[in-house]
Structure formats: structure tokens, C-alpha cells
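The values are calculated or read from the model by the stated rules, or taken from the named source; none is laboratory data. What you see is a predicted model; the values in this text were computed from it and never measured. Counting neighbours? That spans all protein chains shown, and the Cβs are built from the backbone with ideal geometry, glycine included. The protein model used for the area step is the full one, side chains on, heavy atoms only, and it has no ligands, DNA or RNA in it. Shrake-Rupley method; radii C 1.70, N 1.55, O 1.52, S 1.80 Å.
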Amino acid sequence: MTEHDQSGFSFAEDAAVDFNPLEAFAFDDAEGDEDAAPSVLAEGPFNMPDPDAIPQFQRELVAFDNGETATERIEALFSQMPTLHKMLFTILDRCSTPVPTADLEAAIEEMKRHHHSVYEPLTLCSLLERAGAIAQTDEEGVPLAEVEQEPLRVEIDGAEFWRVAPAPAVYWSLTEEGAAQLDTYRPMEMIARLYEAEPQYADIFTTCLELCGRDGGTSLRAIGDVVDDEPVLQSPKRYAMYFVDKLEHAGAVEWTGQWSLTAHGREYLTTLNEN
């Protein structure tokens with residue numbers, strides 16, 4: 001072995017002795033930085049977990065509460081939950097007239113069969129209520145806080161007593177701000193804007209609608225087999241999912257175990273065929 005080789009070996013050997021993987025790959029130490037976020041292991045008062053150490057991604061959802069008006073809170077909530085827009089708008093639509101809690105829960109559970117959501121039905125209702133989009137009311141749409149319950153007068157063994165009246169059944173109703181938000185959901189206009197924004201793909205959008213309009217819907221693979229080799233999709237390269245995703249967000253198609261047309265998608269396709 002040459003002197004150079006021996007020297008190199010000696011250096012590597014020394015480095016191995018001094019190498020500390022915990023130091024070499026540790027994240028920057030925030031100690032001493034007053035603006036740094038506290039450790040998730042930091043203790044708060046009374047040896048309890050520090051509430052300020054909750055990871056930010058767990059707290060972002062409550063940021064919509066900071067809006068000064070219901071309109072601001074509703075817009076913030078929707079902006080934070082883009083994948084649940086259809087579900088949220090459907091809840092608002094169901095609350096256009098007072099709907100019993102049980103019926104609303106059942107409707108949301110049905111939507112969750114094909115639209116994955118970690119939120120329980122009443123959690124979604126609670127978020128919309130906190131934002132000011134819906135409210136708990138009685139059957140007539142009167143907010144529960146304004147409902148006056150007269151005590152019941154009962155007679156037992158000839159003696160009269162007053163008994164607290166049972167709480168009224170809970171219904172969910174759309175607020176004025178919630179109605180304004182619901183009015184922004186206009187699938188027919190959104191579908192039309194897809195055609196206007198990318199007119200070169202008009203035939204592709206139409207083909208996707210036609211395939212999704214089949215009885216029982218269709219699969220993404222089946223759509224891809226038809227459209228992926230179209231010349232217009234080669235540069236830039238586009239695939240079927242690009243168009244299905246846009247149509248879904250516009251309210252034209254939905255996942256029901258297969259990709260299927262919504263009522264709005266079917267209506268729009270009918271208008272295309274009539275022209």
C-alpha cells in the first residue's frame with residue numbers, strides 16, 4: 001500500500017471514529033430562537049402538553065374561525081377543504097328547507113360511500129354552522145336560541161306541577177350567507193368555462209361526458225383507451241385523468257364506483273347534442 005493510500009485510510013478511520021450520525025443528520029437546532037415553534041414534546045403548564053406545540057397542519061382547519069363575518073368564514077372554510085366542495089355544497093342545498101338531523105346525517109353518509117371523508121356527518125354540519133352557513137332551527141326554520149318553550153302543566157294525584165318542556169326537535173336550515181355561498185355553485189356555467197378555457201380539448205371533454213353517460217358509468221381506463229392516443233393530447237401530453245378531474249370539479253361527473261354523469265353533466269351533454 002502506498003503512503004498516499006495509507007494516509008487516506010488513516011483519514012477515513014479517524015473520520016469514522018469522530019462521525020456522529022445524530023449530529024450529522026439532525027435538523028437545525030432551534031434552541032435560542034425565540035421565534036421558533038416549540039417542540040411537539042414540550043410541556044405546558046401543570047406538566048400537560050403545550051397547546052402551542054400542536055403541529056400546524058392539525059390547526060389550519062380552525063383558521064376559518066378568525067373571519068370577522070360569516071361570508072369570510074365560509075369562504076375560508078371552502079378554500080381549506082377543496083376536495084369536499086361537492087359534499088359541502090350538497091349539504092347547503094339540503095338545508096335550503098329545514099331538514100331533520102337524522103335525514104341530513106343519512107344524506108351525508110350516502111355521499112361518503114363514494115366520496116372518502118374522515119369527517120363524521122355532524123362534524124361537517126358543525127363546521128358549516130361555525131362558519132355561519134347553516135344553523136340549528138326548529139321545523140319552521142326559527143333558530144333554536146329564539147324558540148321559547150312553555151313549561152308543561154301536569155297533575156299528579158290531584159296536585160298540579162310544572163314540568164320542563166322537552167327540547168324541540170333539531171332541524172338544520174340555510175342562513176342568508178349560506179344561501180349566497182350556495183348560489184356560487186353553478187355547474188352549468190363551470191362546465192361551459194372548461195370548454196371556453198381550453199377549446200382545443202372540446203371534443204375530448206365531450207367524449208368523456210358521453211362515456212360517463214353510459215348505463216352504470218365507465219372506468220378511467222376505458223376513457224383512457226379512447227382518448228389518450230388522440231393527436232391533440234400528445235404535445236403537451238395529457239391523459240384521461242386530466243379531463244375527468246376537471247369535469248368532476250365542475251360538477252359534470254362524479255365517482256359512484258364508476259365515473260358517471262351528474263344531473264348537470266347530463267343536462268349539459270343534452271344541450272351539446274341539441275346544438
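Restricting attention to region 239-272, and to residues there that are among the polar types (S, T, N, Q) and in contact (Cβ under 8 Å) with a residue 60 or more places away in the chain, which single residue is surrounded by the fewest Cβ atoms within 10 Å (Cβ to Cβ)? Here the answer is Thr256.
Do we find a residue being small (Gly, Ala, Ser), open to solvent by less than 70 Å² (accessible area, probe 1.4 Å) and at pLDDT below 90 anywhere in region 73-87? Within region 73-87 (the criterion being small (Gly, Ala, Ser), open to solvent by less than 70 Å² (accessible area, probe 1.4 Å) and at pLDDT below 90), the answer is no, since none of the residues qualifies. Applying a threshold of 9 Å to beta carbon distances and a minimum spacing of six or more residues, or different chains, the list of pairs starting in region 196-210 at a residue that is in a helix (DSSP H, G or I) and ending at one that is open to solvent by 40 Å² or more (accessible area, probe 1.4 Å) and β-branched (Val, Ile, Thr) reads Gln200/Val232; Tyr201/Val232; Asp203/Val232; Ile204/Val232; Thr207/Val226; Cys208/Val226. Is it the case that Ser219 is open to solvent by less than 50 Å² (accessible area, probe 1.4 Å), more than 30 Å from Cys125 (Cα to Cα) and either modelled with pLDDT under 95 or of a type in the set (Gly, Ala, Ser) (or both)? So Ser219 passes the test. The one condition from (1) part of a helix (DSSP H, G or I); (2) farther than 28 Å from Ile91 by Cβ; (3) modelled with pLDDT under 95 that Asp245 does not meet is (2). Looking for something over 25 Å from Ser96 (Cα atoms), out of contact with any Lys or Arg (no Cβ under 7 Å at 6 or more places or on another chain) and in a helix (DSSP H, G or I) - is there at least one such residue anywhere in region 255-264? Among the residues of region 255-264, not one is over 25 Å from Ser96 (Cα atoms), out of contact with any Lys or Arg (no Cβ under 7 Å at 6 or more places or on another chain) and in a helix (DSSP H, G or I), which makes the answer no. In region 88-147, which residue that is part of a helix (DSSP H, G or I) and of a type in the set (Ser, Thr, Tyr) is surrounded by the most Cβ atoms within 10 Å (Cβ to Cβ)? So, considering only residues that are part of a helix (DSSP H, G or I) and of a type in the set (Ser, Thr, Tyr), the one surrounded by the most Cβ atoms within 10 Å (Cβ to Cβ) is Thr90. Does Glu177 satisfy the criteria of being under 30 Å from Thr69 (Cα atoms), open to solvent by 50 Å² or more (accessible area, probe 1.4 Å) and in contact with a helix residue (DSSP H, G or I) (Cβ under 7 Å, 6 or more places away or on another chain)? Judged against the criteria, Glu177 is a match.
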